[in-house]
Amino acid sequence: MTVARILSEKGASVATVGPEKTLGDVIHILAEKRIGALVVAHPDGTVVGIVSERDIMRALARLGAATLDAPVGDHMTANVTTCNRSTTIEDVMELMTNGRFRHIPVCEDGRLVGIVSIGDVVARRIATVEAEHQALREYITTA
């Protein structure tokens, strides 16, 4: 299964924020949307970073409450690993495991077209394993 399939099932909507917004703004958006990360992007869809709950906690630990007024661009993860629609779930799992992150923006031609979370990957992987298990069970009972 590829990222394209995940996006076709879940949709390509991505919550984004501009690098000039504050971490306070980000906290409100994350809470409102009940998500764990926002892609930091320019209006044209160019990804410049990603900011997660983990980034916010690190900033708060370093700087305290003053962090809430700081621009996202100062505290985001700027070196973002991305994938494209043809990336396999197995490759996404490997990227997430090796990079120790839970969200990967999906880009095509330098523009944001979706996002994949660890929850998306795990849900699809479980569905695949269950389908394989059911096929094996049917094979055994009909043999």
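Just so it is clear, none of the values below were taken in a lab; they were calculated from the coordinates. This one's a predicted model, so the numbers in the text were calculated from it and none came from an experiment. Cβ placement follows ideal geometry from the backbone for every residue including glycine, while neighbour counts extend to all protein chains displayed.
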Inset, instruction - Count the net charge of all other residues whose Cβ sits under 12 Å from the Cβ of residue 52, scoring Lys and Arg as +1 and Asp and Glu as -1. - result: +2
Inset, instruction - Tell me what the chain gives for mean residue ellipticity at 222 nm when only DSSP H runs of n ≥ 4 count, each as -39,500 (n - 2.57), the sum divided by the residue total, rounded to 500 deg cm²/dmol. - result: -14500 deg cm²/dmol
Inset, instruction - Go through the range 1-71 and name the GluC sites (Glu not before Pro) that are in a DSSP coil and have 12 or fewer other Cβ atoms within 10 Å of their Cβ. - result: 20
Legend entry - Segment residue 8-residue 109, length gained on full extension (0.36 nm per residue, minus Cα span): 34.5 nm
Legend entry - Angle in degrees between helix 89-99 and the longest Cα principal axis of the chain, rounded to the nearest 10: 40 degrees
Inset, instruction - For residue 129 and residue 46, calculate 0.36 nm times their separation in residues minus their Cα-Cα distance, and state this gained length in nm to one decimal. - result: 26.3 nm
Legend entry - Per residue, the convex hull volume that the Cα atoms of the range 3-42 enclose (Å³): 73 Å³
Inset, instruction - Scan around residue 48 for amide H atoms under 5 Å from its own, H built in the peptide plane at 1.01 Å from N, and keep only partners 5 or more places away or cross-chain. - result: 40, 41, 42
Inset, instruction - Find how much the distance from residue 62 to residue 79 grows on full extension, using 0.36 nm per residue of separation minus their present alpha carbon separation; answer in nm with one decimal. - result: 4.1 nm
Legend entry - Per-residue HN-Hα couplings for the range 29-43 [Karplus 6.51, -1.76, 1.60; θ = phi - 60°; Hz; x = Gly/Pro]: 5, 4, 5, 4, 8, 6, 10, x, 7, 10, 7, 9, 9, 7, x
Inset, instruction - Add +1 for every Lys or Arg and -1 for every Asp or Glu among the other residues with Cβ under 10 Å from the Cβ of residue 26, and state the total. - result: -2
Inset, instruction - Compute the whole-percent fraction of alpha carbon pairs in the range 25-66 spaced more than 11 Å apart. - result: 67 percent
Inset, instruction - Would you kindly derive the ³J(HN,Hα) couplings of the range 69-76 from the backbone phi angles with the Karplus curve 6.51 cos²θ - 1.76 cosθ + 1.60 (θ = phi - 60°), listing them in order in whole Hz, with x for Gly and Pro? - result: 8, 7, x, 3, x, 7, 10, 6
Inset, instruction - Sort out for me the Cα centre separation of the range 80-125 from the range 22-56, rounded to whole Å. - result: 17 Å
Legend entry - Whole-Å semi-axes of the chain's equivalent ellipsoid (Cα gyration tensor): 35, 16, 12
